Amino acid sequence: MNQTEFRHQQEYSLLLLWNLYGLKQGSYNWYQKLKNGLIARRFTPSKIDPCLYLCKGMIVLTYVDDCIIVGNSIKEIDDFIKSLQGGQEQEEFILTDEGSIDKFVGVEIVDQDQGRGEFEMKQPHLIDRILQTLELKDGTFDCHVSEKKTPANTVLLNRDLDGKPLKKKWNYRQIVGMLGYVQANTRPDISMPAHQCARFLSHEATLIR
């Protein structure tokens, strides 16, 4: 074997000097870059949620490459954004200011009163999807809706082994999953009934009716 053939059969390892989008470590590299940039600007990551950063008078919530900024002063928020846009040379943040937020990960955010800092968070599309899946939206399924604000039963639900046969068949786990997303984001008042429903994920056929 000559030297040329030997070189072609060698195995090479390459050292990547620049992060590439799509690599398995790409998300981690971006998280570390953004984290270092926020900490350098006196933000502290929350001990409960590492994607939530706190600073005096301002909060930054990160979601992949999107950030929600909430603060007491518009000027301070603008100054913070400018510091990212024209920051240190090694940071090279490229960002776009999208202005006031109206939607985020499926949650609608409505400004209730300009200037007072009050807003409403809601998920009407997901709730409509739940009702449609349960066939409650078009009135084809006969049911009684409680008028109470928190209509959870005070008695814990149990399996009804001797109950009547199920009238409808639908993906129970899917519905409970959607309920969990609603209660975690916009409707904490339904946490108790959502938890009660989640107790029967492995007993769909014997759920109380």
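The values are calculated or read from the model by the stated rules, or taken from the named source; none is laboratory data. Since we're looking at a predicted model, the values are computed, not measured. Every residue, glycine as well, gets a Cβ built from its backbone with ideal geometry; the counts of neighbours run over all protein chains shown.
Given V60, V64, which one is touching a Cys at 6+ places or on another chain (Cβ under 8 Å) and not small (G, A, S)? Please lay out each step first, then the result.
Numbers: V64 fails: touching a Cys at 6+ places or on another chain (Cβ under 8 Å).
The unique qualifying residue is V60.
Do any residues in the range 35-51 that are in the same structural domain as C67 (by TED's automatic domain parsing) have Cβ atoms under 6 Å from those of residues that are at pLDDT below 90 and aliphatic (A, V, I, L, M), where the two are at least six apart or on different chains, and which pairs are they?
none
Residue-wise test of (1) basic (K, R); (2) at pLDDT 85 or above; (3) surrounded by fewer than 14 Cβ atoms within 10 Å (Cβ to Cβ); (4) under 24 Å from the mean Cα position of the chain (by Cα).
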site: K137; (1), (2), (3), (4): yes, no, no, no
site: H144; (1), (2), (3), (4): no, no, yes, no
site: G163; (1), (2), (3), (4): no, no, yes, no
site: V176; (1), (2), (3), (4): no, yes, no, yes
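If I ask for residues that are part of a loop (DSSP other than H, G, I, E, B) and either surrounded by 14 or more Cβ atoms within 10 Å (Cβ to Cβ) or aromatic (F, W, Y) (or both), which ones from the range 20-69 would you list? Write out each step before concluding.
Quick first cut of the range 20-69, residues part of a loop (DSSP other than H, G, I, E, B) only: 20-25, 41-43, 46-51, 56-57, 64-65.
Within the range 20-69, Y21, R41, F43, C51 qualify.
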